[in-house]
Amino acid sequence: MMDERFTHGNSLLHKLSAKVKLVVAVFFVAVIAVSQSFTAVTAGLVLAAALFMTARLDLSPAMKRLAGANFFTIFLWITLPLTYGEQTTAVGPLQLSLDGLRLAALITLKTNTILLSLMALLSTSSVANIGHALKALHISDRLSFLLLFSYRYIFVIHQEYLRLTRAARLRCFVPGTNLHTYRTVGYLFGMTLVKSWNRSSRIHQAMLLRGFDGKLIPMDQQAMTYRDIVFLLVALTATGSLILLQLL
Amino acid sequence: MHISEGVLSPAVLVAGGAVTFVGTGLGLKRIDYDHIMTVSLLTATFFVASLIHVPLGPGNIHLVLGGLMGLVLGWSAFPAILIALLLQAIFFQYGGLVVLGANTTVMALPAVGCYYLFRKWIETNGNKRKMAAFAAGFFSPLLSSLLMALALATSDQGFLQTAQLVVAAHIPLMIIEGVITMFIILFLSRVQPEFLSIGKS
């Protein structure tokens with residue numbers, strides 16, 4: 001589930017610096033998210049699809065994620081045409097709202113565009129690189145620290161919780177809709193909290209012993225290269241032209 | 001509890017972003033380097049909570065535990081929730097980047113509210129603690145769903161009915177979160193009472 005399966009690869013997008021990709025992603029997603037024009041969003045979809053092809057990601061897990069997100073858009077397709085706005089047309093026995101259909105279509109386009117671009121831009125970097133990129137962009141040292149360390153320990157803590165539930169299962173615990181289940185889950189999670197709290201003080205002590213002074217040094221320094229700058233300029237121009245397309 | 005990218009209006013996105021910016025700033029200011037490891041691990045633990053599914057009738061529901069986060073972390077719940085949502089955007093592409101501010105506000109503001117409303121009673125003994133813990137677990141998803149409905153309805157009048165559905169759909173979660181938060185707090189107060197005072201410093 002959380003295996004960062006898109007991080008490994010050899011494409012252009014995998015080689016770019018996380019800093020550049022983060023900037024491009026935020027700008028691109030912002031433009032698409034607030035756009036009201038079908039032309040601009042469709043052009044964005046083409047751009048995002050091109051990025052996605054460039055990243056050469058595994059197609060089947062990527063399609064699964066798209067399908068998952070479109071589960072939500074199906075919900076919009078069901079509700080919006082029936083509930084949205086005044087203007088309606090009769091289709092068979094149903095009164096459908098044209099504005100509602102239009103909105104559902106626009107949101108579906110946006111969702112897929114943004115998802116493709118995020119898979120291409122964000123998921124091709126490791127979380128460690130994104131954390132260091134946040135720091136390099138001077139967003140916040142502490143935030144980048146939180147991101148890096150909580151990411152580092154999510155897997156450990158999840159394993160710990162799974163070990164507790166395994167122990168409960170061995171003692172014939174069968175979850176159901178009852179108070180006993182909720183009490184057990186509460187105690188198991190409480191125990192996980194206690195364990196990770198105690199673990200955190202051990203890690204802190206271990207880090208102090210190794211001379212931790214609040215600074216983290218990235219293992220693989222990603223310097224900006226010529227390639228990064230060209231990509232940044234091209235991507236920003238393309239996204240900028242989406243804004244123009246919207247104004248026309 | 002995520003709002004997808006592309007649904008909210010620019011004004012609501014900016015408002016959510018601004019609240020998250022201020023809240024995260026306040027939260028980060030309260031974390032010094034002696035506590036940052038604790039907050040990091042609790043962030044990770046609460047991320048794990050969102051992977052826990054508890055049965056409910058024929059289906060199941062995943063925990064959020066925003067109320068508990070508020071009680072334990074106070075203002076630090078803002079950066080913790082921001083990080084958890086960012087990780088979800090990176091891992092699963094849930095939510096998004098520009099809507100991150102709005103989503104963080106929807107979850108973190110009620111968490112901080114629970115801290116101010118119920119924290120005092122958590123430190124007392126007996127039934128008051130039980131009730132406060134249940135209330136925190138109950139009100140956090142309630143207020144979150146109301147904020148989410150507000151964000152949707154102010155973005156576009158047409159979302160009004162969707163917004164009402166959102167609140168209705170969260171009612172089972174409120175009850176379950178209340179009960180589970182109560183058991184967690186009772187457990188913590190017996191097993192490691194020091195744990196419940198870390199939000200102070």
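Results for (1) at pLDDT 90 or above; (2) buried (at least 16 other Cβ atoms within 10 Å of the Cβ), shown as yes or no for each residue.
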| position | (1), (2) |
| --- | --- |
| B:LYS128 | no, no |
| B:MET131 | yes, no |
| B:PHE134 | yes, yes |
| B:LEU142 | yes, yes |
| B:MET148 | yes, yes |
| B:PHE159 | no, yes |
| B:VAL166 | no, yes |
| B:ALA169 | no, no |
| B:LEU173 | yes, yes |
Next item on the list: Return yes or no: is B:LEU28 outside any loop (DSSP other than H, G, I, E, B) and in contact (Cβ under 8 Å) with a residue 12 or more places away in the chain?
Entry: yes
Next item on the list: Within the range B:35-61, count every residue that is of a type outside the set (Gly, Ala, Ser) and in a strand (DSSP E or B).
Entry: 6
Notebook entry, point to check: Among B:GLY95, B:GLY101, which is within 24 Å of A:ASN112 (Cα to Cα), within 19 Å of the chain's Cα centre (by Cα) and in a loop (DSSP other than H, G, I, E, B)?
Noted result: B:GLY95
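Residue by residue through the range B:62-77, note down the ones that are more than 10 Å from chain A (Cβ to nearest Cβ), in contact with a Phe, Trp or Tyr (Cβ under 9 Å, 6 or more places away or on another chain) and not in a helix (DSSP H, G or I). Reasoning before the result, please.
Within the range B:62-77, the subset more than 10 Å from chain A (Cβ to nearest Cβ) is B:62, B:64, B:66-67, B:69-71, B:73-75, B:77.
This time we only want the ones that are in contact with a Phe, Trp or Tyr (Cβ under 9 Å, 6 or more places away or on another chain), so: B:64, B:66-67, B:69-71, B:73-75, B:77.
The answer is B:VAL64, and nothing else.
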Margin query: Contact list please: Cβ distance under 8 Å, first residue in the range B:139-154 and touching a residue at least 40 places away in the same chain (Cβ under 8 Å), second residue of a type in the set (Phe, Trp, Tyr) and crowded, with 23+ Cβ neighbours inside 10 Å, pairs at least six apart or on different chains.
Written below: B:LEU152/B:PHE159
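Rundown of residues vs (1) facing chain A (nearest Cβ under 9 Å); (2) crowded, with 16+ Cβ neighbours inside 10 Å; (3) closer than 23 Å to A:ILE203 by Cβ, yes/no style:
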site	(1), (2), (3)
B:GLU5	yes, yes, no
B:GLY25	yes, no, no
B:ILE36	yes, yes, yes
B:LEU41	yes, yes, yes
B:GLY57	yes, no, no
B:ASN60	yes, no, no
Check: Only one residue in A:ARG142, A:ARG169, A:ARG183 is charged (D, E, K, R), farther than 30 Å from A:MET224 by Cβ, facing chain B (nearest Cβ under 9 Å) and outside any loop (DSSP other than H, G, I, E, B), so which one is that?
Finding: A:ARG183
Notebook entry, point to check: Counting only residues that are assigned to a strand (DSSP E or B) and more than 10 Å from chain B (Cβ to nearest Cβ), which one in the range A:90-130 is surrounded by the fewest Cβ atoms within 10 Å (Cβ to Cβ)?
Noted result: A:ALA90
Check: Could you say whether any residue in the range A:15-35 is part of a loop (DSSP other than H, G, I, E, B), within 25 Å of A:SER140 (Cα to Cα) and among the aliphatic types (A, V, I, L, M)?
Finding: yes
Margin query: From the list A:GLY176, A:GLY186, A:GLY211, exactly one residue is over 25 Å from the mean Cα position of the chain (by Cα) and surrounded by fewer than 10 Cβ atoms within 10 Å (Cβ to Cβ). Which is it?
Written below: A:GLY211
Next item on the list: Scan the range A:217-248 residue by residue and report those that are hydrophobic (A, V, I, L, M, F, W, C) and not in a helix (DSSP H, G or I).
Entry: A:ILE217, A:MET219, A:ALA223, A:MET224, A:LEU248
Check: What is the number of the single condition among (1) within 9 Å of chain B (Cβ to nearest Cβ); (2) of a type in the set (A, V, I, L, M); (3) under 25 Å from the mean Cα position of the chain (by Cα); (4) surrounded by fewer than 22 Cβ atoms within 10 Å (Cβ to Cβ) that A:LEU162 does not meet?
Finding: (1)
Next item on the list: Go through the range A:15-74 and give me each residue that's surrounded by fewer than 16 Cβ atoms within 10 Å (Cβ to Cβ), within 11 Å of another protein chain (Cβ to nearest Cβ) and more than 18 Å from the chain's Cα centre (by Cα).
Entry: A:GLN36
Next item on the list: Just need a number here: residues in the range A:8-21 that are modelled with pLDDT of 90 or more and under 20 Å from A:ALA62 (Cα atoms).
Entry: 1
Next item on the list: Scan the range B:90-112 and give yes if some residue there is touching a His at 6+ places or on another chain (Cβ under 7 Å), touching a residue at least 12 places away in the same chain (Cβ under 8 Å) and at positive phi, otherwise no.
Entry: yes
Next item on the list: Determine if the range A:208-221 includes at least one residue that is within 8 Å of another protein chain (Cβ to nearest Cβ), out of contact with any helix residue (DSSP H, G or I) (no Cβ under 6 Å at 6 or more places or on another chain) and within 30 Å of B:ASN60 (Cβ to Cβ).
Entry: no
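The values are calculated or read from the model by the stated rules, or taken from the named source; none is laboratory data. All values reported here derive from a predicted model rather than from experimental measurement. Here the Cβ is made from the backbone with ideal geometry for all residues, glycine too, and neighbour counts use every protein chain on show.
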